[in-house]
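Contents: one structure, followed by commentary.
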Amino acid sequence: MAEPIHPILPGKKPDNVTVVKDAAALYRAAADEFSRCAQAAIAQQGRFAVALSGGTTPRGVYSLLARVHKALPWQKIFVFFGDERHVPPDDPESNYRMAAESLLTKVAIPAENVYRVPAESPADSAADQYERQIRTFFQLQGSAWPRFDLIFLGIGDDGHTASLFPGTDALKEMSRLVVANWVEKFRTYRITFTYPVLNHAAEVLFLVSGAGKGQILREILTPSRGQRYPAQAVQPEDGKLIWLVDQDAAPSL
Ligand code: 6PG
């Protein structure tokens, strides 16, 4: 069982748990939600700031997005990453590389609109640099938090999200935007958004696909006493929390 953690905000049920037929339907729903959010944000504020998640599930979303929503005004779309492995951008493990291969090289997004984590640097320096880039982009003053229009997240079978893993120091970080988080199980650093950034987003969209996620998803969405996983502490203070799951991951929800 994951070490108990205390959600930043009183627990609340997700606004929406949407179960779709299969992975293809999930990719389509996520790509369409990206497009909807982008068009709304651009209409309201002239730009769309989105943070992508890594791993394997999102690749299908990004590939479809590049095909079906090629005509979005990509020059008004600004892409960040909710977390990154501590590897160079051309490493097979890199979340940036996965997004570049599946989406960023397939659409007309200006290079300067893509905010890659400089994960080839020493971990602490990468986190510091990334935090500065986010502060500059959002023109943050003092203790203000950035408000991303959309943040994609996934969950691991240990209940982690972004690179907020059970038992790691980043779970307790409430001041910084981005930290280098030592993950003992992988014997490596990860660079990750902290809970305050996730919980100040206008919308957080969890993407969960496949039978392998069934158990952890059920435990996360129907927590019994004391059971706490990092993903459960993602509770947007003034934003939407949506779980988009396929039938394989959600048979008993
Ligand atoms: C990462 C991700 C991570 C991911 C989950 C689920 O860097 O790996 O940001 O949090 O979302 O591990 O990954 P899958 O979608 O590959 O199962």
- Message: Under 7 Å between Cβ atoms, which residue pairs at least 6 apart in sequence (or on different chains) link something in segment 94-122 that is in contact (Cβ under 8 Å) with a residue 12 or more places away in the chain with a partner that is basic (Lys, Arg)?
- Response: Ser94/Arg85; Asn95/Arg85; Tyr96/Arg116; Met98/Arg59; Ser102/Arg59; Val107/Lys70; Ala119/Arg85
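Conditions tested, residue by residue: (1) near the ligand (Cβ under 10 Å from one of its atoms); (2) hydrophobic (A, V, I, L, M, F, W, C); (3) in contact (Cβ under 8 Å) with a residue 60 or more places away in the chain; (4) under 21 Å from Asp22 (Cα atoms).
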| position | (1), (2), (3), (4) |
| --- | --- |
| Ile155 | yes, yes, yes, yes |
| Gly210 | yes, no, yes, yes |
| Gly214 | no, no, no, yes |
| Ile220 | no, yes, yes, yes |
| Gln235 | no, no, yes, no |
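Looking at Leu198, is it within 14 Å of the ligand (Cβ to nearest atom) and either open to solvent by less than 30 Å² (accessible area, probe 1.4 Å) or under 16 Å from Ala49 (Cβ atoms) (or both)? Explain how you work it out, then say what you get.
Details: within 14 Å of the ligand (Cβ to nearest atom): yes; either open to solvent by less than 30 Å² (accessible area, probe 1.4 Å) or under 16 Å from Ala49 (Cβ atoms) (or both): yes.
The answer is yes for Leu198.
Within the group Ile8, Ile42, which residue is open to solvent by 20 Å² or more (accessible area, probe 1.4 Å) and at pLDDT 95 or above?
On the way: Ile8 fails: at pLDDT 95 or above.
So the residue among Ile8, Ile42 that is open to solvent by 20 Å² or more (accessible area, probe 1.4 Å) and at pLDDT 95 or above is Ile42.
Going by what's in this entry, would Gln227 be described as part of a loop (DSSP other than H, G, I, E, B), in contact with a helix residue (DSSP H, G or I) (Cβ under 8 Å, 6 or more places away or on another chain) and open to solvent by 10 Å² or more (accessible area, probe 1.4 Å)? Walk me through it before giving the result.
Working: part of a loop (DSSP other than H, G, I, E, B): yes; in contact with a helix residue (DSSP H, G or I) (Cβ under 8 Å, 6 or more places away or on another chain): yes; open to solvent by 10 Å² or more (accessible area, probe 1.4 Å): yes.
So Gln227 fits the description; yes.
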- Task: Kindly indicate which of Leu171, Leu140, Leu207 is of a type in the set (A, V, I, L, M), at pLDDT 95 or above and part of a loop (DSSP other than H, G, I, E, B).
- Result: Leu140
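With respect to Gly55, is the statement that it is at pLDDT below 95, among the small types (Gly, Ala, Ser) and in contact with a Pro (Cβ under 8 Å, 6 or more places away or on another chain) true?
Taking the combined requirement at face value, the residue does not satisfy it.
Pick from Leu64, Leu72: which is assigned to a helix (DSSP H, G or I), under 30 Å from Gln247 (Cβ atoms) and touching a Phe, Trp or Tyr at 6+ places or on another chain (Cβ under 9 Å)?
Working: Leu72 fails: assigned to a helix (DSSP H, G or I).
That would be Leu64, the only listed residue that is assigned to a helix (DSSP H, G or I), under 30 Å from Gln247 (Cβ atoms) and touching a Phe, Trp or Tyr at 6+ places or on another chain (Cβ under 9 Å).
One line per residue, one yes/no per condition, for (1) surrounded by fewer than 21 Cβ atoms within 10 Å (Cβ to Cβ); (2) within 16 Å of the ligand (Cβ to nearest atom); (3) under 15 Å from the mean Cα position of the chain (by Cα):
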{"position": "Ala23", "(1), (2), (3)": "yes, yes, no"}
{"position": "Arg28", "(1), (2), (3)": "yes, no, no"}
{"position": "Ala38", "(1), (2), (3)": "no, no, no"}
{"position": "Pro58", "(1), (2), (3)": "no, yes, yes"}
{"position": "Val61", "(1), (2), (3)": "no, yes, yes"}
{"position": "Arg67", "(1), (2), (3)": "yes, no, no"}
{"position": "Lys70", "(1), (2), (3)": "yes, no, no"}
{"position": "Ile77", "(1), (2), (3)": "no, no, no"}
{"position": "Gly82", "(1), (2), (3)": "no, yes, yes"}
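Specify which of the listed residues (Ile151, Ile134) is within 15 Å of the ligand (Cβ to nearest atom) and touching a Leu at 6+ places or on another chain (Cβ under 9 Å). Working first, answer last.
Working: Ile134 fails: within 15 Å of the ligand (Cβ to nearest atom).
From the options Ile151, Ile134, the qualifying one is Ile151.
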- Message: Looking only at segment 147-161, count every residue that is within 17 Å of Thr56 (Cα to Cα), open to solvent by 10 Å² or more (accessible area, probe 1.4 Å) and either acidic (Asp, Glu) or assigned to a strand (DSSP E or B) (or both) and tell me the total.
- Response: 2
- Task: Mind listing whichever residues of segment 89-103 are within 16 Å of the ligand (Cβ to nearest atom) and either in a helix (DSSP H, G or I) or open to solvent by 60 Å² or more (accessible area, probe 1.4 Å) (or both)?
- Result: Pro92, Glu93, Asn95, Tyr96, Arg97, Met98, Ala99, Ala100, Glu101, Ser102, Leu103
- So Ile109 fits all but one of (1) closer than 24 Å to Glu184 by Cα; (2) open to solvent by less than 60 Å² (accessible area, probe 1.4 Å); (3) of a type outside the set (Ser, Thr, Tyr); what number is the exception? (1)
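Residues Leu241, Leu177, Leu164: which one is within 15 Å of the ligand (Cβ to nearest atom), in contact (Cβ under 8 Å) with a residue 12 or more places away in the chain and open to solvent by less than 10 Å² (accessible area, probe 1.4 Å)? Outline the logic, then answer.
Details: Leu241 fails: within 15 Å of the ligand (Cβ to nearest atom); Leu177 fails: within 15 Å of the ligand (Cβ to nearest atom).
Selected residue: Leu164, the only one of Leu241, Leu177, Leu164 that is within 15 Å of the ligand (Cβ to nearest atom), in contact (Cβ under 8 Å) with a residue 12 or more places away in the chain and open to solvent by less than 10 Å² (accessible area, probe 1.4 Å).
The values are calculated or read from the model by the stated rules, or taken from the named source; none is laboratory data. Not measured: the values here are computed from a predicted model. Glycine gets a Cβ as well: all are built from the backbone with ideal geometry, and neighbour counts include every protein chain shown. Quick note on the areas: whole protein, heavy atoms, side chains included, nothing else; ligands and nucleic acids left out. Shrake-Rupley method; radii C 1.70, N 1.55, O 1.52, S 1.80 Å.
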